[in-house]
Amino acid sequence: LYTAAELYAGLDGPHGYAGTPDGRAYQWTLEHPTGADAYVAMLRAIHDESLTDALDDALTGQHVAGVMGGHAAQRGSDVYAAAARLGHTLAEAGLVVATGGGPGAMEAANLGAYAPDEAALARALGWLAQVPGYRPDLAHWAHAGLSTRARLGQWAEGDPLRSVGMPTWFYGHEPPNVFGQGIAKYFSNALREDGLVSRCSAGIVVLPGAAGTVQEVFQIATRLYYGRCPGATPPPLVLVGHDCWTRLLPAWPLLRALGAGRPMGGALHLVGSVEEAAAVLLG
């Protein structure tokens, strides 16, 4: 798996983010569309398959909890802080927190898992709030994350794995966050999404988001409906935010309709807080 230091190497160079391996890889995807070149398609496929193997090596035998949510949550916001608390609670309970690896709620959950204790997490939230988002200055945002991670201290190789991030170059506007101990950044968003939801053996918590988050909800729902989930019983799918999932993005009624009379129905939960969500996964 990648590390944040590898993806952001050269961030202080003359080209800033564009000169980092992450920035250069994204530019390469724009200049070399998969459908136009069989060699490019082969390179991407080999890369993504290698990351899948690396994830298998890292997560086999682990109890993995997914935290899904949108990239729009700003550092310093209540939503960001709540996602960070959730990530910390799950990691402290011995679960590996898996996210989409981007900014916003995804970064917050990885941050929470990375923080060694609640006091350190509170300090980190304060430091990061000084640079709320990755726009308009992505380099400044990344520097703040790297600086915060250094101040928290580094998890050494061999320490228990607490979280991974699984971002994608498909969403060029979403840079990878730096708090996942391992980062599996894919060219294929389809492989990334399926790889993320398929590994969440301990359940998945979905925070409010937009189109990408809704897509994840129904990828999970499809697995639950057809019984294609890890474990003997369906892992819980927990949606956080009554107003979001019943009114703004009314996925909850459809999920309940799909789950009626099936094992899937018992795996569905709608709660009002991250504390309730953690209780479902840990209960």
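The values are calculated or read from the model by the stated rules, or taken from the named source; none is laboratory data. Owing to the predicted nature of the structure, the values given are computational and were not obtained by experimental measurement. Because the Cβ atoms are built from the backbone with ideal geometry, glycine has one as well, and the counts that use them run over all protein chains shown. Surface areas here come from the heavy atoms of the whole protein model, side chains and all, with no ligands, DNA or RNA. Shrake-Rupley method; radii C 1.70, N 1.55, O 1.52, S 1.80 Å.
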Where a label projected 7 Å from the Cα of T29 along Cα→Cβ would reach, residues of the stretch 91-122 with amide N under 15 Å: 100-103
Per residue solvent-accessible surface (Å²) - the chain, probe of 1.4 Å: 43
Relative contact order for the chain, counting Cα pairs under 8 Å that sit 6 or more residues apart, in percent: 19
Principal axis dimensions, largest first and in whole angstrom, of the stretch 125-245 by Cα: 44, 36, 31
The stretch 180-250 - percent of accessible surface contributed by carbon and sulfur, probe 1.4 Å: 59
Kyte-Doolittle mean at least 0.0 and Cα axial length at least 27 Å: DSSP H helices in the chain: 38-59
Distance in nm between pseudo-label sites at T3 and A36 (7 Å out along the Cβ direction from Cα): 3.6
C-alpha center-to-center spacing [the stretch 207-283, the stretch 101-168] in angstrom: 26
Expected 222 nm ellipticity per residue - DSSP helices of 4 or more, -39500 (n - 2.57), all of the chain, to 500: -14500 deg cm²/dmol
Contour minus Cα-Cα distance for D243 and A190 (0.36 nm per residue): 16.2 nm
Lys/Arg +1, Asp/Glu -1 at C-beta; the stretch 49-176 dipole; positive extreme among V96, Q74, G165: Q74
Per-selection Rg to Rh, the stretch 164-230 - Cα, Kirkwood hydrodynamic radius: 0.95
Surface share of carbon and sulfur [accessible, 1.4 angstrom probe, percent] for the stretch 1-83: 57
Inter-site label distance for D56 and V214 at 7 Å from Cα along Cβ, in nm: 3.5
